[in-house]
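Heads up, the thing below is written out as structure tokens.
The values are calculated or read from the model by the stated rules, or taken from the named source; none is laboratory data. The structure displayed is predicted, hence computed values, not measured ones. For neighbour counting, all protein chains shown are included, and Cβ atoms are generated from backbone atoms with ideal geometry for every residue, glycine included.
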Amino acid sequence: MSAEDQSAPSEQSIVAYDRGAAIEQSDGFSNPGLPPHRPRQTDLHPAKERRAERQVVAWFLLSMLGSVLAIVAYIAVPIEPGNMGSVRANNLFLGLAIALALLGVGIGGMHWARQLMSSHEVVEERHLSRGSEKSRARAVEIFELGDQESGFSRRTLIRNTLIGAVAIMPLPAIVLFRDLAPAADAVDSIAHTMWTEGERLALDPTGTPIRADDVTIGSAFHVIPESLKDLGHDEGYLDQKALAAVLLMRLPVDRLKEAPGREGWSYDGIVAYSKICTHVGCPVALYEQQTHHLLCPCHQSTFDVTEHAKVVFGPAKRPLPQLPITVDAEGYLIAQRDFTEPIGPSFWERLNHIDPDHVPVSAAETETRA
Amino acid sequence: MTATTARPSLTAKASNYLDERTSMSTLVATLGRKVFPDHWSFMLGEIILYSFVAILLSGTFLTFFFEPSMTEVFYDGSYAPLKGLAMSAAYASALDISFDIRGGLLMRQLHHWSALLFIAAIGLHMLRVFFTGAFRKPREINWVVGFILFILALAEGFTGYSLPDDLLSGNGLAIINGMVKGIPIVGTWISYLLFGGVFPGDDIVPRLFVLHIMLLPALVIAFIGIHLVLMVINKHTQFAGPGKTNDNVVGAPIMPLFAAKAGSFFFIVFGALVAIASTFTILPLWEYGPYDPSPVSAGTQPDWYIGFADGALRLMPGWESEILGWTVSWNILIPIAVLGLFIVLAMVYPFIEQWITGDKREHHIAERPRNNPTRTAIGAAGVWFYAIMWAAASSDLIATHFRLNVFHVTYALQAMLIVGTVIVYWLTKRIAIGLQKKDREILLHGYESGRIVRRPGGEFVEVHQPLDEYEAWKLKAYESYAPVMVRPNAKGKITPATHLRAALTRWFFEDRVSPVTPRELEVAKQHDDH
């Protein structure tokens, strides 16, 4: 016996489908049929068959060993609090033992299937995927009966009002989701930050206020509003931080090319910019001291601090918003006010929330690219 | 069967009990000896299924310990460097799973590695189906079902990546927040509702958790069910070979050989995943610290399967418009549109190709990619396009590793995305046609045997050996298409659609290599015999 043939005579009438652009190969070759079956070593030599059998059993025994070892590892290699080495050992031995248990069954089973089970190929006939002519006719008949008995096509008013009712039904779902977020206006909530007049600039995350004298030339500070530290995590600490995070840098005064109207926003070469990228909102955390460039590590938008953080490269379009700063009587850096424009990624309503006092960096400048 | 004794065995009694209540024998009779063809590439789909089981099992274990909450806690576990730090309960419980629960780290790593294998196998499986034309009638619907599974898998990956609430996952969410805000009109509000207020808020982790462990897995299981049922109904494709035709399936019957192989393979895949999870660290989330909107580390990378989307964002120039007082972020919208178009085109490709060929017949023979050069070239161009976007997600790492300027790397990738895709299309088509010509040559004149013979006239020739009929059949048996002529339709009219179709068939099939005919073979034989 070469191959089991399961072919049953087809009940379907042959449907002639359009062949389209396919070329008719009427003088094509004839299929030579299945090649003769090639017996395996295990089919020919009883000794090899017995050896394969032993190998399969060995793999299954190894699997049992693996399962037992896994339990042993769980108990014998415990995690000792504070000892990272014990975590690693637990992970390694437990995992390898479980892997052995699984692989033993898998490899043994595969060996059994490939070496010992019948390898004769079986042929099964395909039929067209469509139902038989009889069942297709019956299906049409059932739909027609259904239509007749219900009057679905005849009673058009019933049908159309039903369709209308079901179509409108999902609409309440839209309003149902409004309370996913608080009642406040979405745009108002992100248009302003915690910075107010006189708010001290403080170090992130300690909240220590920063004196202007401590900011040496070439240094960059990660800054938060001083009062942020009084906020608990459940009172929106991270939310406010995500809006108010600022980078503070001191440049040689002659390097700063300040736009008219923004001269008063820096203090003795110290400038503060929003840390949140105007592209999609990653923190712009990398400061290059030599070029005075700020680089966003997410998508490589690059901002030039000497020219009001205008974009010199990357997918961001707008410069980072500048925080106008000065010093108070004790020499601490303070904000003059909030940002004059919304911080972070652009959004549809952004222009409605630009402060009248905002001084844009001229459009022509932002177009220049390095 | 072995039951030859008069007394029915326990198995026989149990089977009878079941059948009398469920009619199980009908199922066994129809499916028991169903045939599955054998080819290594058909194994990719199995890997998807088995890694999904590993995901479900390890994921269930994780849910017993993971706390999907953004409530503030002060870490008090055994990882000393983070002790006393304020963090979300989600991140703290992820640390506890890693450091204080035996087998917890193993299950977390198994879950992550299985998810990566799941998505990788989906990608390879889709490529196999695409390049062999296995999406053709009657399998177009199953291609779409599979594509939906691919998208669901990406969604599962992303929601899972976001759950531990470490610095990396939080940054991923920050990017999503920025992208959502870039959507015109509704973007600001969608972000607000999604995050339960201002980003990051306190709600996103529990919300994504519900999607990750309930809604998305339920959809994945449902679509896997549809995918498999349709596969059983359509039967598996097979490669052309001796004895294999468009009207039969040749291979192993489910009982016992296929079931044994598939069942064993499940344990091999599962076992290999556990072995990897126990020896290779993945996502050492303790190194990143809890999410904070302010710090971010250089070389930030998404998981590789999201890379193509991140890369698209990186390659886009910074375009943004202000129209009538509203802000339109092209730097976000265009990447989203390009990715969307790419995905939709791939999803509807079977319907496009069928409209072009006009071939309404069922196809069960998996084509060799070279025998459909244009499709293969389209696929290769798509792979290139995807790969460049994917590489772009690491543009900064490429720059630091090869000591290049990151700006130049970006410009180079932009050029490769647009020019490279065209070149790859053209090159692949030429290679496929070249391979077809080689097949023809081998069929007509045999393969080079390496035996050099000196002819009586002193001439040295290499003897060409003809293929045996079984090998030859693999090269002969393929379908060929030709461009169609513009012909008036039934109403005697030539519509623009007819012109378009004719043009597209020319594009597809103009420089085709037709299969060898018996007459050609005969002529070649006579010629060689001289």
Report summary line: Among B:GLY182, B:GLY197, the single one that is free of Cβ contacts under 8 Å to residues at least 60 places away in the same chain, more than 25 Å from the chain's Cα centre (by Cα) and within 26 Å of A:ASP188 (Cβ to Cβ) is B:GLY197
Query - Sole residue being within 14 Å of chain B (Cβ to nearest Cβ) and of a type in the set (Phe, Trp, Tyr), chosen from A:TYR267, A:TYR237 - result: A:TYR237
Query raised in the report: What is the number of the single condition among (1) farther than 30 Å from B:LEU273 by Cα; (2) surrounded by 13 or more Cβ atoms within 10 Å (Cβ to Cβ); (3) not small (Gly, Ala, Ser) that B:THR26 does not meet?
Result: (2)
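Let's see how each residue does on (1) hydrophobic (A, V, I, L, M, F, W, C); (2) surrounded by 17 or more Cβ atoms within 10 Å (Cβ to Cβ); (3) assigned by TED's automatic domain parsing to the domain that holds B:PHE508; (4) not in a loop (DSSP other than H, G, I, E, B):
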position: B:THR410; (1), (2), (3), (4): no, yes, no, yes
position: B:ILE418; (1), (2), (3), (4): yes, no, no, yes
position: B:ASP439; (1), (2), (3), (4): no, yes, yes, yes
position: B:LEU443; (1), (2), (3), (4): yes, yes, yes, yes
position: B:VAL453; (1), (2), (3), (4): yes, no, yes, yes
position: B:GLY457; (1), (2), (3), (4): no, no, yes, no
position: B:LEU475; (1), (2), (3), (4): yes, yes, yes, yes
position: B:GLU479; (1), (2), (3), (4): no, yes, yes, no
Query raised in the report: Any idea how many residues of the stretch A:216-230 are within 11 Å of chain B (Cβ to nearest Cβ) and either of a type in the set (Lys, Arg) or not in a strand (DSSP E or B) (or both)?
Result: 1
**Report entry** Selection status of B:LEU228, buried (at least 20 other Cβ atoms within 10 Å of the Cβ), more than 7 Å from every other protein chain (Cβ to nearest Cβ) and not β-branched (Val, Ile, Thr)
**Finding:** no
Requested in this report: Restrict the check to the stretch B:164-179 and report whether at least one residue is more than 30 Å from A:ARG126 (Cβ to Cβ), at pLDDT 95 or above and among the hydroxyl-bearing types (Ser, Thr, Tyr).
Outcome: no
**Report entry** Of all residues making up the stretch A:26-54, the number that are within 30 Å of A:ILE98 (Cβ to Cβ) and touching a helix residue (DSSP H, G or I) at 6+ places or on another chain (Cβ under 6 Å)
**Finding:** 1
Report summary line: With criteria (1) on the phi < 0 side of the Ramachandran plot; (2) crowded, with 24+ Cβ neighbours inside 10 Å, A:LEU351 comes up short on (2)
Report task. Any chance you could count how many residues in the stretch B:482-523 are touching a residue at least 12 places away in the same chain (Cβ under 8 Å) and under 30 Å from B:GLU469 (Cβ atoms)? Result -> 10
Report summary line: Scanning the stretch A:260-313 for residues that are assigned to a loop (DSSP other than H, G, I, E, B) and of a type in the set (Val, Ile, Thr), the one nearest to the chain's Cα centre (by Cα) turns out to be A:VAL280
**Report entry** Considering residues of the stretch A:230-262 that are farther than 20 Å from A:ILE210 by Cα and basic (Lys, Arg) only, the residue surrounded by the most Cβ atoms within 10 Å (Cβ to Cβ)
**Finding:** A:ARG262
Requested in this report: Among what's in the stretch B:90-133 and is within 14 Å of chain A (Cβ to nearest Cβ) and either among the acidic types (Asp, Glu) or not in a helix (DSSP H, G or I) (or both), pick the residue that is nearest to B:PHE42 (Cα to Cα).
Outcome: B:GLY133
Query raised in the report: Which residue, of B:LEU44, B:LEU18, B:LEU106, is under 30 Å from B:SER264 (Cβ atoms) and free of Cβ contacts under 8 Å to residues at least 60 places away in the same chain?
Result: B:LEU18
Query - Selected residue [surrounded by fewer than 20 Cβ atoms within 10 Å (Cβ to Cβ) and of a type in the set (Phe, Trp, Tyr)] from B:PHE239, B:PHE258, B:PHE270 - result: B:PHE239
Query raised in the report: Inside the stretch B:481-523, can you point out the residues that are among the β-branched types (Val, Ile, Thr), outside any loop (DSSP other than H, G, I, E, B) and either under 32 Å from the mean Cα position of the chain (by Cα) or surrounded by 14 or more Cβ atoms within 10 Å (Cβ to Cβ) (or both)?
Result: B:THR498, B:THR505
Requested in this report: Could you pull out every one of the helices (runs of 4 or more DSSP H) wholly within the stretch A:105-210 that has 2 or more residues that are within 30 Å of A:ALA245 (Cβ to Cβ) and either within 14 Å of chain B (Cβ to nearest Cβ) or without any contact (Cβ under 8 Å) to a residue 60 or more places away in the chain (or both)?
Outcome: A:186-191
Requested in this report: Could you please tell me which pairs satisfy a Cβ distance under 6 Å, a separation of 6+ or placement on different chains, a first residue in the stretch B:151-166 that is more than 19 Å from B:ILE224 (Cα to Cα) and assigned by TED's automatic domain parsing to the domain that holds B:LEU216, and a second residue that is at pLDDT below 95 and charged (D, E, K, R)?
Outcome: B:TYR161/B:ASP303
Report summary line: Of the residues in the stretch B:179-202, those that are at the interface with another protein chain (Cβ under 7 Å from one of its Cβ atoms) and surrounded by fewer than 17 Cβ atoms within 10 Å (Cβ to Cβ) number 2
Requested in this report: Given the conditions (1) part of a helix (DSSP H, G or I); (2) among the hydroxyl-bearing types (Ser, Thr, Tyr); (3) touching a helix residue (DSSP H, G or I) at 6+ places or on another chain (Cβ under 8 Å), report the number of the one that B:TYR470 does not fulfil.
Outcome: (3)
Query raised in the report: Within the set of pairs 6+ apart or on separate chains, which have a first residue in the stretch B:409-426 that is free of Cβ contacts under 8 Å to residues at least 24 places away in the same chain, a second that is surrounded by 13 or more Cβ atoms within 10 Å (Cβ to Cβ) and assigned to a helix (DSSP H, G or I), and C-beta atoms under 7 Å apart?
Result: B:VAL409/B:SER395; B:VAL409/B:ILE398; B:VAL409/B:ALA399
Report summary line: Checking B:VAL205, B:VAL144 in turn, the sole residue that is assigned to a helix (DSSP H, G or I), crowded, with 19+ Cβ neighbours inside 10 Å and at pLDDT 95 or above turns out to be B:VAL205
Requested in this report: Kindly provide the set of residues from the stretch A:30-88 that are assigned to a helix (DSSP H, G or I), basic (Lys, Arg) and within 12 Å of chain B (Cβ to nearest Cβ), ordered by number.
Outcome: A:ARG88
Query raised in the report: What are the residues in the stretch B:236-249 that are within 7 Å of chain A (Cβ to nearest Cβ), of a type outside the set (A, V, I, L, M, F, W, C) and touching a Phe, Trp or Tyr at 6+ places or on another chain (Cβ under 9 Å), if any?
Result: B:PRO242, B:GLY243
Report task. Kindly list the number of the only condition in (1) within 14 Å of chain A (Cβ to nearest Cβ); (2) free of Cβ contacts under 8 Å to residues at least 12 places away in the same chain; (3) part of a helix (DSSP H, G or I); (4) more than 21 Å from B:GLN436 (Cβ to Cβ) that fails for B:GLN526. Result -> (1)
**Report entry** Residue among B:TYR79, B:TYR17, B:TYR91 that alone is of a type in the set (Phe, Trp, Tyr) and outside the structural domain of B:SER162 (by TED's automatic domain parsing)
**Finding:** B:TYR17
